[in-house]
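Written out below as structure tokens is the structure these notes cover.
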Amino acid sequence: MYDLIRFFEKHEYAEQFLNGDLYMNSIGHFWKLGTEIQQDFHEGIVETISMEEMKKTYGLDLQSSFGNHILAPIMNRMEAYKYVHVLCCVLHGYDPMTKEVERIHKDMKGFGAFAVRIHNVQTFVDRLFEKLKSDRLYGLMGPVNYHSVVEKAMYQDCFDKLNIHQNEKEWRFALIPDYENAKELAKADEYGHEPYDEHTIFSIGSIRDIAMEIDVDILFHKPEMLYSGYKPVDKLSVPWKTRKQQLEQIHNELGIGISYDAYPEQYVGWAPREAFRDKVLSLSSGFKPIFVIG
């Protein structure tokens, strides 16, 4: 099972979140954060490719330009993803059967001095989805998949990230708040030179009935105080895939419904994950190669 944890730099931001006004930065924002901890210029990578393939497929001869100074595979970042806005949370795992709760990794301590715990993930997901439907917006929510630089991403979209971020155990809600405007912006920016560092507020009404502010120090150092009777562990002794199979058996035998937090690998939105990716890519086919020089 999982709760969702959201970190904030200021207490007023946590209050805004509890009021149901969800502040969502664009992926373009995270490309421009300099050396801040949330920076990730790998967001929106859609393929990993060798220099030979780059020349053959796109006609770009990076070998002649950079010689042997390219230290890692070339990654093509689709510029249209800068128009996607995201809400990022941490999947906080716990197991009611073994009475274990996972510790949040120490790497997350720099993400904010305040935190909110969503303890009814099913209702939170339902409210996000209902708002998407009522406003007819393109959006999708679910966990992030992590992979190495040389591995091909599962779907090559904004729910795939490199292993260097895997300690975040991220769950995210991705949204295109104004598709027609994004289409016009992309059309006017054929080569992807214009930055896009915008935000949107996605309002779903108060979530204080399904979420609460929690003490960050307790979260990191004594999570058993948030989950009474649970033992803190670095990793759950029963993998969630195994527990999922057990829950499915119970569901099949007894007909007991299983909430979303027991199936964190699910993606919920206006259309399947592939369709959301293709909707983003239809804004623009422009890309930028990302690589390391040394």
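Each reported figure results from applying straightforward, stated rules to the coordinates on display, with no laboratory input. Note that this is a predicted model, so its numbers are computed, not measured. Backbone-built Cβ (ideal geometry, glycine too); neighbour counts: all protein chains shown.
Descriptive notes on the structure:
- Length gained on full extension, residue 167 to residue 235, computed as 0.36 nm times the residue gap minus the Cα-Cα distance: 23.3 nm.
- Convex hull volume of the stretch 240-279 per residue (C-alpha atoms, cubic angstrom): 82
- Net charge of Cβ neighbours under 14 Å - reference residue 251; Lys, Arg +1; Asp, Glu -1: 0
- Sites residue 246 and residue 220 - FRET efficiency at Förster radius 30 Å, r taken between beta-carbons, to 0.05: 0.50
- Our summary gives the chain a relative contact order of 33 percent, counting only alpha carbon pairs under 8 angstrom and 6 or more residues apart.
- Structural descriptor for the stretch 50-119: relative contact order 16 percent, calculated from alpha carbon pairs under 8 angstrom and at least 6 residues apart.
- Label-zone membership for the stretch 1-35, site residue 122, 7 angstrom Cα→C-beta point, backbone N under 20 Å: 1-5
- Cβ-based net charge around residue 203, under 11 Å, with every Lys or Arg adding one and every Asp or Glu removing one: 0
- For the stretch 45-178, averaging the sequence separation of C-alpha pairs within contact (under 8 Å, six or more residues apart) and dividing by the residue count gives a relative contact order of 33 percent.
- Magnitude of the charge dipole, the stretch 176-253, Cβ model with Lys/Arg +1 and Asp/Glu -1, debye to 20: 740
- Per-residue Cβ neighbour counts within 10 Å put 261, 178, 107 in the sequence 107, 178, 261, beginning with the fewest.
- Taking packing as the residue-averaged number of other Cβ atoms within 10 angstrom, the listed peptides 208-221, 246-259 run from highest to lowest as 208-221, 246-259.
- Answer label, with Cα Rg over 2.2 N^0.38 Å calculated from the coordinates and candidates [x] 0.98; [y] 1.28; [z] 1.06: [z]
- Test item: Cα-centred dipole of the chain, Lys/Arg +1 and Asp/Glu -1 on Cβ, debye: 480
- Exposure proxy order (Cβ contacts within 10 Å, fewest to most) of 81, 58, 260: 58, 260, 81
- Cα pair count fraction exceeding 21 Å, expressed as % - the stretch 104-196: 55
- Stretching the chain fully between residue 208 and residue 12 yields a gain of 69.1 nm (0.36 nm per residue, less the alpha carbon separation).
- Computed [θ] at 222 nm, deg cm²/dmol, the chain (DSSP H ≥ 4; -39,500 (n - 2.57); rounded to nearest 500): -7500 deg cm²/dmol
- Environment charge of residue 233, counting only residues whose C-beta is closer than 12 Å and scoring Lys/Arg +1, Asp/Glu -1: -1
- Partner lysines whose Cα lies under 17 Å from the Cα of residue 10, excluding those fewer than 8 positions away in the same chain, are identified as 109.
- Length gained when the stretch residue 135-residue 56 is fully extended (0.36 nm per residue, less Cα-Cα span): 24.1 nm
- Among 179, 142, 245 the positive-end extreme of the charge dipole of the chain (Cβ point charges): 245
- Residue among 111, 123, 94 farthest towards the positive dipole end of the stretch 85-127, charges placed on Cβ: 111
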